[in-house]
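The values are calculated or read from the model by the stated rules, or taken from the named source; none is laboratory data. Remember, it's a predicted structure, so these values are computed and weren't measured experimentally. Glycine gets a Cβ as well: all are built from the backbone with ideal geometry, and neighbour counts include every protein chain shown. Surface accessibility is based on the protein's heavy atoms, side chains included, excluding ligands, DNA and RNA. Shrake-Rupley method; radii C 1.70, N 1.55, O 1.52, S 1.80 Å.
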Amino acid sequence: MKLYCAPRTISIAVTTLLYESGIHWEPIRVDIAGGEQTRPDYHAINPKGRVPVLMTPEGALTETGAILEYLAETAAPGYVPADPLARARMREVMFYLASTMHVNHAHKMRGRRWANEEASLADMTAKVPQTMTASCAYIESLIVGRYLFGADPTLADFYLYAICTWLEGDGVNVSQFPKLSAFIEAMEATSGVRQARAAGLII
Ligand SMILES: N[C@@H](CCC(=O)N[C@@H](CS)C(=O)NCC(=O)O)C(=O)O
């Protein structure tokens, strides 16, 4: 299995799950800063010009949440709760991360997706510490144990950890969130995160 990925991106959610699960896979690093994702040959793989992309035996799969779910069903069992409501709660967080928290973060460096005026871009960037801190406060209210839902990690934990790697740069004072701080510490101790760091996929 091959994953198009890059450090500092949401693809960390997938790289950490892949390493944690001991799946045989190969990272294909995309030079995001150099704009590799904007080039026609990359658009042939993902017309959206983003990472991550998982190359499955049947073709390319995009969207972090979809990739995590696919891996859980095909290669990395044990990270999806059996109970329907618990499973929906996990997805509730994952949808929030995709639709709100990731988007809050993107307003810092990717404001040109939404606006052209320099003043608009500066305003969006200035707002990021506030929106990301508000998102952290919401997440803090959800965490019930070492991980989001208790003693065992679910797909949502890998997703959340990837976003946590952005918090300092986004101007969030993480120390004001004790449960989130402990969560980050727990994830940092996992083999998935340690291997991703050793491979230079978390920097
Ligand atoms: N909804 C997508 C978002 C993916 C995404 O925005 N990836 C960013 C990195 S965090 C990216 O590839 N950005 C490149 C660009 O904007 O040019 C997902 O969750 O997979």
So, with points 7 Å from each Cα along the Cβ direction, the PHE95-MET109 label distance in nm works out to 2.8
All-pairs alpha carbon distance profile, segment 1-111, 5 Å steps from 0, percent: 2, 11, 20, 23, 20, 14, 7, 2, 0
What's log10 of I(q)/I(0) for the chain at q = 0.16, 0.17, 0.18 Å⁻¹, Debye sum over Cα points only, no solvent? -1.09, -1.23, -1.36
Take ALA82, project a point 7 Å from its Cα along the Cβ direction, then tell me which residues of segment 157-177 have their backbone nitrogen under 13 Å from it. none
Go through GLU69, GLU117, GLU92, GLU58 and list them by solvent-accessible area, largest first, probe radius 1.4 Å. GLU58, GLU117, GLU92, GLU69
Once you put a point 7 Å from the Cα of HIS24 and another 7 Å from the Cα of GLN130, both along the Cβ direction, what distance in nm separates them? 5.3
Given the DSSP H assignment, sum -39500 (n - 2.57) over each helix run of at least 4 residues in the chain and divide by its residue total; what's the result at 222 nm in deg cm²/dmol, nearest 500? -15000 deg cm²/dmol
Ranking LEU17, ALA196, ALA126 by how far each Cα lies towards the positive end of the charge dipole of the chain (+1 on Lys and Arg Cβ, -1 on Asp and Glu Cβ), the top one is ALA126
I want to verify a result. In a Gaussian network model of the chain, Cα cutoff 10 Å, which of these has the top mean-square fluctuation: GLY65, GLY150, GLY34? GLY34
7 Å from Cα along Cα→Cβ at both ALA119 and GLU140: what's the point-to-point distance in nm? 3.4
Note on segment 96-178: C-alpha Rg/Rh, Kirkwood Rh, two decimals, gives 1.03
Mean accessible area per residue over the chain (1.4 angstrom probe, all protein chains present, square angstrom) is 49
Per-peptide average of other Cβ atoms within 10 Å, ordering 181-191, 39-49 highest first: 181-191, 39-49
